[in-house]
1. Could you calculate the FRET efficiency of SER70 with GLU112 from 1/(1 + (r/R0)^6), where r is the beta carbon distance between them and R0 is 22 Å, rounded to 0.05?
2. Please list, ordered by chain and number, the residues whose modelled amide H lies under 5 Å from the amide H of ARG192; skip anything fewer than 5 residues away on the same chain.
3. Obtain the nm distance between the two label points defined at VAL274 and GLN374 by a simple spin-label model: each point lies 7 Å from its Cα along the Cα-to-C-beta direction.
4. Taking all protein chains together and a probe of 1.4 Å, list HIS243, HIS77, HIS373 from the most accessible to the least accessible.
5. With r as the distance between the Cβ atoms of CYS49 and THR193 and R0 = 51 Å, compute the FRET efficiency 1/(1 + (r/R0)^6) and round to 0.05.
6. How much solvent-accessible surface does LYS257 expose, in Å² to the nearest 10, with a 1.4 Å probe and all protein chains in place?
7. Where a ≥ b ≥ c are the square roots of the eigenvalues of the C-alpha gyration tensor, would you call the stretch 229-351 rounded, which needs a/c under 1.5, or, failing that, prolate if a/b is larger than b/c, or oblate?
8. Once fully extended, how much extra length lies between LEU353 and GLU120, figured as 0.36 nm per residue of separation less the alpha-carbon to alpha-carbon distance?
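The values are calculated or read from the model by the stated rules, or taken from the named source; none is laboratory data. Just so you know, these numbers come straight off a predicted model, no measurement behind them. FYI the Cβ positions are ideal-geometry reconstructions off the backbone, even for glycines, and counts take in every protein chain you see. Side chains included, ligands, DNA and RNA excluded: accessible areas come from the protein's heavy atoms. Shrake-Rupley method; radii C 1.70, N 1.55, O 1.52, S 1.80 Å.
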Amino acid sequence: MKNDSNPNRPSDTSADPLARALEELMENRLSQGLTPEWTRTSASGVGQCPKPDEWLLLVGGKPELADDASMDALLAHAAECGKCATHLRMLTAEPSEEEAAELAGLVSASSEWQMKLAAELARTPRQQLVPIKMGPTRMGPVEISRLKASRIYLWAGSGIAATLMIGAVTFFWWQRANSPERLLAEAYTQSRTYDLRMPGAGFSEVTNETHLRGGGSVHESSRLLDARARIERQVENAPEDAHWLELEARADIQEEKFDPAIEILDRLLAREPVTAELLVDDASAYFERGSATGSEEDRSTALENLRRADEMAPDDPLVLFNEAVVMEDRGQAMNAVETWNRYLKFERDPRWLAEGRARLQALEQKLNQLKTHQGRMGHHPGTPPATHAPAA
């Protein structure tokens, strides 16, 4: 769209032109008091959706090749049609850095490869036309054959482009669903063997499993093994990458390899930047090692790390949950009660919320019992008065 009806809207020259044009058109309709069709329950009045080949010039990375009238018509339709708008948003969304790097390795996903394929299709030999006069309004068999062939090429190109798009979207989804972070979180959720929470993991009850310290559980999670293999490959390629090193340490914690996990995390904290998530991981490694060995120093270090994380992210329920657990372990019952009450204000997951309430209730019950016991100790009867000696 050439004219911007909203002059106060900040320009974003780094965004995709198609996505920007679609968003501007939708904002203009909203500013004029018109409700876009995609916000209604019925899709009537939108008109027939364009055919797949009509979107090629827009979604193929060359919207400038389409004439203004065609582009405006397609964008106007997308602004009214929820299905087409969602489709265009998905196709024009910017991938993450990791996804872009993975996609760049696919030869078939590059624009050069697709343009080359289109050029090869255009150069495909076709039968030479022989003029046949069959009247002013009728086509001969050669013209009919040529028309059919052109449609076949058009639909073949559209099908290839659609297949590549579907393949790219599927690849991105698969990468996210099978990322090492997700696999580690799923391994924790499948078998939560300690009280502290792990970043990104869902709720799970604590389970008691047979462990050999440093060697993992008897039945190692397939997700954990898969995540470990992926992380090790990345660390081999980038041995100083902080992201992959932190994930390696997180895997070590789940396998109860606390010493190498602490060595990695302490080194990352010394390098900076320090993040709340990094402090949480380091605290988990120290706390679990202290619990396994009885080290008071390790568990005190864990609490110090969690207090630093609390200062950086005071509304993070994961930080508050772990901090309250460690405070209880260190005998700081009143501080733990205050932290649990803060935690209940920010947690949104009903299952984690229920566990927090249960832990707070159990702690308050212990404090009440302690107060009752101290009250009884303070009211012991005194020494009975001495009896008078008999008179002489």
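1. 0.35
2. Placed amide hydrogens put THR207 under 5 Å from ARG192.
3. For the pair VAL274/GLN374, the computed spacing is 3.3 nm.
4. HIS373, HIS243, HIS77
5. On the way: r = 52 Å, r/R0 = 1.02.
E between THR193 and CYS49, to the nearest 0.05, is 0.50.
6. 70 Å²
7. prolate
8. Working: separation 233, 0.36 × 233 = 83.88 nm, distance 6.02 nm.
So the extension gain works out to 77.9 nm.
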